[in-house]
Amino acid sequence: LTLESLLNMTSCQIYSCQGVGVQLKDKSIANFNETIFAENVLPQLFLSEQSICTLKDTTIKDGKQVGIFVDKSASCSMVSSTITNQENTAITVIGAEVFMLDSIIQQNKGNGVLTVNQANTTIEGCTFQQNDMPHIAGKDHANVSITNSELIGGKGIFMVDNCQLDLRESTVRDGTGVQVEVVGQTKATIFKTSIRDGDSNGIKVMKDATM
């Protein structure tokens, strides 16, 4: 979609494309409801150039690369949806914004969410589990807010290089690495949150980070 185009899709399937599943740019807008993205070779959903996308009751699975790639001031909202079994990161956010509500991110070979370059990520009521890299990773002035969510197994949160983390009323548990790690002038606030049952440190703060 280009040049401020509009798209609404309900109960559709987008799968086995040799390129991107769906690409939005030039301030385009798309809404996906009860739709499945699967087995696309490049990012299953690619948003850029101030485009806006919403997903509800949608599944993104079995991708050969990233599930959702969001950059250049684009915005993606994801509600009651699932991203699973990507060969790379489930969601990558670069200089853009993502809002996630009541969704599941699991069994991806990269991060659950990778957010960099002043990106803003808001996560509410979500579950992250069985991702091979940190469920939430932030770098280079990224801002991440997590509320009423569960991060289970693996490595929970890793934030580096002047990021901001706000973690509230959530659970981080059963980690195989450090469960919450902030580094390099990153500032973190943790409120009414349980960090427990990990194989390594619960919290690690390094290199002028504050918590």
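The values are calculated or read from the model by the stated rules, or taken from the named source; none is laboratory data. This is a predicted model, so every value here is computed, not measured. Here the Cβ positions follow ideal geometry from the backbone for every residue, glycine too, while neighbour counts run over all protein chains shown. For accessibility, only protein heavy atoms count, side chains too; no ligands or nucleic acids. Shrake-Rupley method; radii C 1.70, N 1.55, O 1.52, S 1.80 Å.
Can you give the Kirkwood hydrodynamic radius of region 1-108 from its Cα pairs, in Å with one decimal? Can you show the working numbers first?
Values: mean 1/r = 0.0763 Å⁻¹.
Every distinct Cα pair counted, the radius reaches 13.1 Å.
What dipole magnitude, in Debye to the nearest 20, does region 65-207 give about its Cα centre under +1 on Lys/Arg Cβ and -1 on Asp/Glu Cβ? Let's see the in-between values first.
Values: 11 positive and 15 negative charges, 59 e Å.
Value, rounded to 20: 280 debye.
Excluding the sites themselves, what is the longest stretch of the chain that contains no GluC sites (Glu not before Pro) in a DSSP loop with at most 16 other C-beta atoms within 10 Å? Show your work: numbers first, answer last.
Working: sites that count: 4, 34, 39, 49, 87, 169.
The longest such stretch corresponds to 88-168.
Taking all protein chains in place and a 1.4 Å probe, what share, in percent, of the accessible surface of region 26-65 do carbon and sulfur account for?
The value for region 26-65 is 49 percent carbon and sulfur by accessible area.
For region 26-89, what does the alpha-carbon gyration tensor say about shape, rounded, prolate or oblate, given a ≥ b ≥ c as the root eigenvalues, a/c under 1.5 as rounded, and a/b over b/c as prolate?
Note, shape of region 26-89 comes out oblate.
Please compute the length gained on full extension between residue 33 and residue 87, using 0.36 nm multiplied by the number of residues separating them and subtracting their Cα-Cα distance. Don't skip to the end; give the middle numbers.
Working: separation 54, 0.36 × 54 = 19.44 nm, distance 2.38 nm.
Extending this stretch completely gives an extra 17.1 nm.
Give the Debye-formula value of log10 I(q)/I(0) at each listed q (0.16 Å⁻¹), with one equal scatterer per alpha carbon of the chain, two decimals each.
Once normalised to I(0) and log-transformed, intensities are -0.97.
What accessible area, in Å² to the nearest ten, does a 1.4 Å probe give for residue 170?
Accessible area of residue 170: about 10 Å².
For labels at residue 52 and residue 2 in the simple 7 Å Cα→Cβ model, what's the distance in nm?
Reported label-point gap for residue 52 and residue 2 is 2.3 nm.
In a shell of Cβ-Cβ distance under 14 Å around residue 31, excluding residue 31 itself, what net charge do Lys and Arg (+1) and Asp and Glu (-1) give?
Once all neighbours under 14 Å are counted, the net charge is -1.
With Cβ to Cβ distances under 15 Å as the rule, what net charge do the other residues near residue 50 carry (K, R +1; D, E -1)?
-2
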